[in-house]
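The values are calculated or read from the model by the stated rules, or taken from the named source; none is laboratory data. Since this is a predicted model, take the numbers as computed values, not measurements. Methodologically, a virtual Cβ is constructed for each residue, glycine included, from the backbone with ideal geometry; neighbour enumeration extends over all protein chains shown.
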Amino acid sequence: MPPKPKVTRDGIIATAFELVRTHGHEQLNTRKLASELGCSTQPLLYWFDSMEEIRRETYAAADGFHTGFILEGIGHADDPLLALGINYVRFGYEEPRLFRFLFQTDGLGAQDIGALLDSPDLGQMIGLVAQEVGISEFDARTVFLSLFIAAHGYASLLANNAISFDEEIVSMALTSAYMGAIAQLEEKDHETAR
């Protein structure tokens, strides 16, 4: 029986994830990753065709971690959409290097806002907003977009050390964005009814 490999595909991705989480995506290269694994670069190229493939899989691991982070506890929240927004902002604060890797690098999972709004994971949340507020799914997408833009702005500022985290202020700002979007829809409906 041949010896069991000391460096595995999953181990490489787990180490790459921790490398990005701790030191930032700029440090994700073959030499640094091999050093973190305590091996030569040869095992990396045995398991992966290129460093770009490692980056893509590390991105997928970070994206999965992010999804779990922002969904944490929202099922028990009084307002799940607001809880989602606060968790998104908290992620920017608590995991700034992962946030920058996911949302502030070129070509890694970049998608336009329309693709984000059409994602299956978000469809359920959009449906929940529509039901809770009593609006169409189209209008719920508009409400979500307003909240997302505010949350993403806060998270970006936090991830880049431009502001400090205050959950009460974040909650008030996200609530204002959320309620403002709903009020705007109600005003539009009121004007249309005239």
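At-a-glance table
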{"read-out": "Residue 178, sole failed condition from (1) buried (at least 20 other Cβ atoms within 10 Å of the Cβ); (2) out of contact with any Asp or Glu (no Cβ under 9 Å at 6 or more places or on another chain); (3) not aliphatic (A, V, I, L, M)", "value": "(2)"}
{"read-out": "Qualifying residue in segment 158-168 (condition: farther than 25 Å from residue 59 by Cβ, at pLDDT below 85 and part of a helix (DSSP H, G or I))", "value": "no"}
{"read-out": "Pair list, Cβ under 8 Å, 6 or more apart: segment 8-30 residue in the same structural domain as residue 49 (by TED's automatic domain parsing), other residue outside any helix (DSSP H, G or I) and not acidic (Asp, Glu)", "value": "9/48; 12/48; 16/28; 19/28; 20/28; 25/105; 30/41"}
{"read-out": "Some residue of segment 99-122 being of a type outside the set (Ser, Thr, Tyr), modelled with pLDDT of 95 or more and surrounded by fewer than 16 Cβ atoms within 10 Å (Cβ to Cβ)", "value": "no"}
{"read-out": "Residue under evaluation residue 188, criteria (1) within 19 Å of the chain's Cα centre (by Cα); (2) surrounded by 12 or more Cβ atoms within 10 Å (Cβ to Cβ); (3) among the charged types (D, E, K, R), criterion not met", "value": "(1)"}
{"read-out": "Out of 49, 79, sole residue that is of a type outside the set (Lys, Arg) and over 27 Å from residue 149 (Cα atoms)", "value": "49"}
{"read-out": "Members of segment 126-174 found to be surrounded by fewer than 18 Cβ atoms within 10 Å (Cβ to Cβ), within 17 Å of the chain's Cα centre (by Cα) and over 14 Å from residue 92 (Cβ atoms), listed by number", "value": "145"}
